[in-house]
Amino acid sequence: MPVDFSVKPTLTGERVLLRPFADDDVAAFQAVLADPEVARLTGSPPGDVDLGRLRAWYGSRNAQTDRLDLAVVDRASGVCVGEVVLNEWDGHNRSCNFRTLIGPAGRDRGLGTEAVRLVIGYGFERLDLHRISLEVFAFNPRARRVYEKVGFVAEGVLRQVLRDGDDWVDATVMSILAPEWAAHRGHPHR
């Protein structure tokens, strides 16, 4: 089955809806990306978030054919709280990278965990991926716990990959494989 990243699905869970980006999402992302904690946890430079640049970026996501970017919407409020992304596609090895960001309005209610399960399930069950990998910074144990709950396994440490003030931060490489997903469907610790 060939991977078709040009299809931008809508995936519905109990708490979140993953959907293609809409014009109204740009304002939500301006607030999310201006949050100092989001900037730090994602390794992004802090500072002003240019609305025009955000409009151009998020306005082009639905047309991408080599990656899948979806908005994460809190079903209770209807508010866009973040994004999930499958990118860095390697067709020969049926693998890609995963990244996500959830803003303050979406934290600590299980929205991120459900969003990760939905998009990873889509990657394995609909896109026929074999491997999905990610990197998580050592100062982000909340994200690492989410990834572990979904079934990602730590593979190794990239030492001192990010400057954090006067300190250096490691990143852990994690992955999940199709046979693992098939065995537990995102619930490895039942």
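The values are calculated or read from the model by the stated rules, or taken from the named source; none is laboratory data. These figures come from a predicted structure and were not determined experimentally. FYI the Cβ positions are ideal-geometry reconstructions off the backbone, even for glycines, and counts take in every protein chain you see. These area figures cover heavy atoms from the full protein model, side chains too; ligands, DNA and RNA do not enter into them. Shrake-Rupley method; radii C 1.70, N 1.55, O 1.52, S 1.80 Å.
Data for the structure
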quantity	calculated
Condition met for Phe98 (in contact with a Leu (Cβ under 6 Å, 6 or more places away or on another chain), buried (at least 19 other Cβ atoms within 10 Å of the Cβ), farther than 14 Å from Leu41 by Cα and aromatic (Phe, Trp, Tyr))	yes
Positions within the stretch 162-187 being open to solvent by 70 Å² or more (accessible area, probe 1.4 Å) and either closer than 16 Å to Thr100 by Cα or not in a helix (DSSP H, G or I) (or both), in sequence order	Arg163, Asp166, Asp167, Trp168, Arg185
Matching residues in the stretch 85-100 - criterion: being in contact with a Phe, Trp or Tyr (Cβ under 9 Å, 6 or more places away or on another chain) and touching a residue at least 40 places away in the same chain (Cβ under 8 Å)	Leu86, Trp89
Every residue from the stretch 1-29 that is touching a strand residue (DSSP E or B) at 6+ places or on another chain (Cβ under 8 Å), under 19 Å from Val116 (Cα atoms) and exposed (fewer than 12 other Cβ atoms within 10 Å of the Cβ)	Thr10
Qualifying residue in the stretch 62-85 (condition: out of contact with any strand residue (DSSP E or B) (no Cβ under 9 Å at 6 or more places or on another chain) and either closer than 16 Å to Lys8 by Cβ or surrounded by 12 or more Cβ atoms within 10 Å (Cβ to Cβ) (or both))	yes
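So that you can scan it fast, the table gives a plain yes or no per residue for (1) within 24 Å of Val169 (Cβ to Cβ); (2) within 15 Å of the chain's Cα centre (by Cα); (3) of a type in the set (Val, Ile, Thr); (4) at pLDDT below 85:
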site: Ala22; (1), (2), (3), (4): no, no, no, no
site: Ala34; (1), (2), (3), (4): yes, no, no, yes
site: Gly43; (1), (2), (3), (4): yes, yes, no, yes
site: Trp57; (1), (2), (3), (4): no, no, no, no
site: Gln64; (1), (2), (3), (4): no, no, no, no
site: Leu68; (1), (2), (3), (4): no, yes, no, no
site: Ala71; (1), (2), (3), (4): no, yes, no, no
site: Arg75; (1), (2), (3), (4): no, no, no, no
